Structure formats: C-alpha cells, structure tokens
C-alpha cells in the first residue's frame, strides 16, 4: 500500500517512525503488508498529534490519500516569545525617588498583575507573587514574578517573570515536577518589565 500524507497546515513537518520524511505534502510513502508506522506532524503554534497507520493487505487501494487535521495551540496563541521569560532584569531607580517611594511603586506594579503575594519583605526589598495558573486545551501555564533589591546606592531592583508550562490541562501550581521553564510569557504580562523600566527608571 502507498499513502500520500498531507496536513491541513502548510509547512508542517512530517515524521514517520520518528524520522523526518518531508514538509506538508510528502512523496508517497509505501507500506508493506502488515506493516505499521507512527505518523506525526509538527508545526510551531499547533498541537502535535501522532497516529498509527497499518496496512493489513485489503484495507486500502493502491494509493491512499490521508489528511491529518492540525489544531491551533491556544497556549501559544495567548503568549509571546520574549527575552523577559525567566531572566533577571535590573532597573536602576531614578534618584528622585526615596527607597520608600520606590518600594511603593514596586508594590503597585506587581499587585496590578498578580492577585496574591507569597512573600513580602520590605526591609530586604524582596517580593514574590503567588503562582497564577492558566489552563488551556492541552497545557497549563503558571506565572509568577520575583523582585529583589540588588543594590542600595544607587538603588536597583532585579525583576524576573517566571514562566513555566505543563503538557496537560488543569494542573495544580503545586505539581512542580510537571512544569518546565517556558521561553514565552502570556500576553497579559508583556508590559510588566517595561512598566518597571518606565515608572522606576531614569528613562
């Protein structure tokens, strides 16, 4: 049996038994009698699905056209690729602000994006938000921010957006072993670092 694999999305990469076999529309792939293969299409921004195709000797004709439908990854659509993810960004505070005034601005910014704080220590200039969790069709994203005073003269703060993803929906933020660092952040947090730079910095 010969199968002509196609997919609903242009530019998707086809893998047959883990081996790259073409993009979007491949050359006809031949199966021997009683042979089975695992077929997977991958494209950035879409869910990756894998199917198993077998030839039993009478199921298909000489050439079969088989199309795989690909679905948009809603977690990908709701996020952006950014250098802000999981990296410390340092902001030097404008000298017109006292340490008390600067800390008040830090608190205002963080609480405008995050509902709850897990740790707050004004004396050392440390703040950590609780995880905010967003569940998608096939994934779960958790996000928090960490702020720490990195210098007192001149006054500086380091801000980090911690962005992590799990490969299943409806995961608890406590399931640490299921999450891994993600090089994207949800769009709702895209202005957090720029807001620190604008409101606290010398720009």
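Tabulated results
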item	result
Which numbered condition residue 94 misses (of (1) assigned to a loop (DSSP other than H, G, I, E, B); (2) in contact with a strand residue (DSSP E or B) (Cβ under 8 Å, 6 or more places away or on another chain))	(2)
Single residue of the stretch 135-152 satisfying the filter (within 22 Å of the chain's Cα centre (by Cα) and surrounded by fewer than 17 Cβ atoms within 10 Å (Cβ to Cβ)) that is nearest to residue 201 (Cα to Cα)	135
Close pairs (9 angstrom Cβ cut-off, 6 or more residues apart or separate chains): under 15 Å from residue 194 (Cα atoms) in the stretch 74-89, modelled with pLDDT under 95 and surrounded by fewer than 13 Cβ atoms within 10 Å (Cβ to Cβ) anywhere	89/83
Test: residue in the stretch 171-180 that is surrounded by 14 or more Cβ atoms within 10 Å (Cβ to Cβ) and closer than 20 Å to residue 81 by Cα	yes
Residues satisfying the stated conditions in the stretch 114-134, i.e. under 21 Å from the mean Cα position of the chain (by Cα) and part of a strand (DSSP E or B)	128, 129, 132, 133, 134
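Every residue, every condition in (1) in a loop (DSSP other than H, G, I, E, B); (2) surrounded by fewer than 17 Cβ atoms within 10 Å (Cβ to Cβ); (3) modelled with pLDDT of 95 or more, yes or no:
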site	(1), (2), (3)
5	no, no, no
20	no, yes, no
25	yes, yes, no
38	no, yes, no
41	no, no, no
56	yes, yes, no
109	no, no, yes
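The values are calculated or read from the model by the stated rules, or taken from the named source; none is laboratory data. Nothing here was measured: the structure is a model prediction, and the numbers come from that model. As a convention, Cβ positions derive from the backbone with ideal geometry for all residues, glycine included, and neighbour counts pool all protein chains shown.
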